[in-house]
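The values are calculated or read from the model by the stated rules, or taken from the named source; none is laboratory data. Model, not experiment: these values are computed from the prediction. With ideal geometry, Cβ positions are generated from the backbone for all residues, glycine too; neighbour counts draw on all protein chains shown. When the accessible area is computed, the model is the full protein with side chains, heavy atoms only, and any ligands, DNA or RNA have been set aside. Shrake-Rupley method; radii C 1.70, N 1.55, O 1.52, S 1.80 Å.
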Amino acid sequence: MGPVPNLPAEPDDDLDSYVGLDAGTAEERARERGWSTVRTLPPGAIITMEYLKGRIDFEVDDGTVKRCWRG
């Protein structure tokens, strides 16, 4: 196995600040704060559980962020 690359640090961000925002505003804010990947998912979506550094995930219901997590 090769060495682990020196990856940049993730943004120091308050994930709870996204809850309640509309999806478009949340995505724009996340990109401005340095998140390289923003993923929007419907409630109950089946997703893989791999962790991707620099990704922020939003669970969006009826256009509003209900939950947010890293990776």
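How many residues does the range 35-71 contain that are on the phi > 0 side of the Ramachandran plot and either in contact (Cβ under 8 Å) with a residue 40 or more places away in the chain or open to solvent by 50 Å² or more (accessible area, probe 1.4 Å) (or both)?
Applying the first criterion (on the phi > 0 side of the Ramachandran plot) to the range 35-71 yields 44, 54, 62-63, 71.
Right, trim to either in contact (Cβ under 8 Å) with a residue 40 or more places away in the chain or open to solvent by 50 Å² or more (accessible area, probe 1.4 Å) (or both) and you get 44, 54, 62-63.
Residues flagged as on the phi > 0 side of the Ramachandran plot and either in contact (Cβ under 8 Å) with a residue 40 or more places away in the chain or open to solvent by 50 Å² or more (accessible area, probe 1.4 Å) (or both) within the range 35-71 amount to 4.
Looking only at the range 35-71, count every residue that is of a type in the set (Val, Ile, Thr) and out of contact with any Leu (no Cβ under 8 Å at 6 or more places or on another chain) and tell me the total.
To start, the set of residues in the range 35-71 that are of a type in the set (Val, Ile, Thr) comprises 37-38, 40, 46-48, 56, 60, 64-65.
With the extra rule that they be out of contact with any Leu (no Cβ under 8 Å at 6 or more places or on another chain), the set shrinks to 38, 40, 46, 48.
Going through the range 35-71 one residue at a time, the tally reaches 4.
Inside the range 7-30, can you point out the residues that are open to solvent by 50 Å² or more (accessible area, probe 1.4 Å) and either touching an Asp or Glu at 6+ places or on another chain (Cβ under 6 Å) or not acidic (Asp, Glu) (or both)? Full working, then the answer.
Step one: list which residues in the range 7-30 are open to solvent by 50 Å² or more (accessible area, probe 1.4 Å), which gives 7-9, 12, 14, 16, 19-20, 22, 25, 27-29.
Answer for the range 7-30, where residues must be open to solvent by 50 Å² or more (accessible area, probe 1.4 Å) and either touching an Asp or Glu at 6+ places or on another chain (Cβ under 6 Å) or not acidic (Asp, Glu) (or both): LEU7, PRO8, ALA9, VAL19, GLY20, THR25, ARG29.
Going by what's in this entry, would VAL4 be described as in contact with a Cys (Cβ under 8 Å, 6 or more places away or on another chain) and either modelled with pLDDT under 95 or open to solvent by 40 Å² or more (accessible area, probe 1.4 Å) (or both)?
Working: in contact with a Cys (Cβ under 8 Å, 6 or more places away or on another chain): no; either modelled with pLDDT under 95 or open to solvent by 40 Å² or more (accessible area, probe 1.4 Å) (or both): yes.
Judged against the criteria, VAL4 is not a match.
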